[in-house]
Amino acid sequence: MEIIQANMPDAKVVKAFNSIGTDLMYKPAFNDGWPSMFICGNDDEAKELVKNILTSFGWDTEDMGKIEAARAIEPLCILWCIPGFIRNHWSHAFRLMV
């Protein structure tokens, strides 16, 4: 993500939707509530727009800060895939509980 931002310095890049499968991106249905979508980016207005989209799609947004947080968010895709490969079951998501 940092490379993309560096190559397009005027772009308002926001990381989102990298830790979920396509079937659950819109209105994911879980008995325990809305899952968490982790985002990051340098532009607060762009992140607010993405947060509004995520809310309308049925997600809780967890803002992890500036673009460097993509280093932590991007490996979540691998972590999300492991249960799918092990169980051949892909209807799971992350939730940050505080």
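Computed from the coordinates by the stated procedures, all read-outs in this text should not be read as laboratory data. Remember, predicted model here, so these are calculated numbers, not experimental data. All Cβ positions, glycine included, derive from the backbone under ideal geometry; neighbour counts span all protein chains shown.
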Listed by first then second residue, the pairs whose first member lies in the range 1-12 and is more than 20 Å from Pro75 (Cβ to Cβ), whose partner is in a helix (DSSP H, G or I), with beta carbons under 6 Å and at least 6 positions apart or on separate chains, are Lys12/Ala46
Requiring at least 2 residues that are over 19 Å from Met97 (Cα atoms) and among the hydrophobic types (A, V, I, L, M, F, W, C), the helices (runs of 4 or more DSSP H) wholly within the range 1-87 are 2-7, 44-57, 76-87
Within the range 56-70, residues of a type outside the set (D, E, K, R) and either surrounded by 17 or more Cβ atoms within 10 Å (Cβ to Cβ) or under 16 Å from Ser19 (Cα atoms) (or both) come out as Phe57, Gly58, Trp59, Thr61, Met64, Ile67, Ala69, Ala70
Considering residues that are under 13 Å from the mean Cα position of the chain (by Cα) and either loosely packed, with under 14 Cβ neighbours inside 10 Å or of a type outside the set (S, T, N, Q) (or both), the number found within the range 35-51 is 9
Does Ile20 meet the test of being touching a helix residue (DSSP H, G or I) at 6+ places or on another chain (Cβ under 7 Å), touching a residue at least 40 places away in the same chain (Cβ under 8 Å) and either surrounded by 18 or more Cβ atoms within 10 Å (Cβ to Cβ) or within 23 Å of Ile4 (Cα to Cα) (or both)?
yes
